[in-house]
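Taking it in order: structure first as structure tokens, then the write-up.
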Amino acid sequence: MALAPLEAPALVSYPHIVATPGTCGGRPRIDGTRISVQVIAEYYNLNRSVGYILDSLPHLKAGQVHAALTYYFDHQEEIDEEIRKWSDKDFLRSMGVKIYPDDLGKA
């Protein structure tokens with residue numbers, strides 16, 4: 001039995017990936033966890049393998065990590081910008097975060 005051709009492009013969804021207002025700042029995350037796609041992307045950008053990620057976050061399953069990586073690759077530019085932004089000391093200070101030891105003893 002042959003597959004019928006699609007009449008319209010199919011919408012791509014990401015199994016295991018959800019975004020919920022009020023959880024992880026509304027950022028995409030692995031369903032049932034507070035592990036954001038950004039966290040998985042940061043592991044990936046440190047050249048960590050899926051096996052390493054699973055060892056570090058043993059409550060996750062391989063399919064969840066692969067889904068997060070798929071989402072990351074499809075949204076890499078915006079997620080990389082978030083990673084860059086949240087790594088910037090001036091941005092963090094603007095959000096009220098103290099940077100130690102730089103801000104030690106400052107009011």
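If you go through the range 36-52 and keep only what is assigned to a helix (DSSP H, G or I), among the polar types (S, T, N, Q) and under 18 Å from residue 15 (Cα atoms), you end up with just 38.
In the range 56-68, the residue that is farthest from residue 31 (Cα to Cα) out of those that are touching a Ser or Thr at 6+ places or on another chain (Cβ under 9 Å) and assigned to a helix (DSSP H, G or I) is 68. In the range 53-84, the residue that is farthest from residue 13 (Cα to Cα) out of those that are surrounded by 14 or more Cβ atoms within 10 Å (Cβ to Cβ) and of a type in the set (Phe, Trp, Tyr) is 72. Within the range 92-106, the presence of a residue that is modelled with pLDDT of 95 or more and within 25 Å of residue 21 (Cα to Cα) is excluded.
Does any residue of the range 52-72 turn out to be modelled with pLDDT under 95 and of a type in the set (S, T, N, Q)? Within the range 52-72, not a single residue is modelled with pLDDT under 95 and of a type in the set (S, T, N, Q). Checked against the criteria, residue 56 does not count as closer than 20 Å to residue 18 by Cβ, without any contact (Cβ under 8 Å) to a residue 40 or more places away in the chain and of a type in the set (S, T, N, Q).
Scanning the range 90-99 for residues that are outside any loop (DSSP other than H, G, I, E, B) and either surrounded by 12 or more Cβ atoms within 10 Å (Cβ to Cβ) or under 20 Å from the mean Cα position of the chain (by Cα) (or both) yields 91, 92, 93.
The values are calculated or read from the model by the stated rules, or taken from the named source; none is laboratory data. Since we're looking at a predicted model, the values are computed, not measured. Cβ coordinates were reconstructed from backbone atoms using ideal geometry, including for glycine residues, and neighbour counts include every protein chain displayed.
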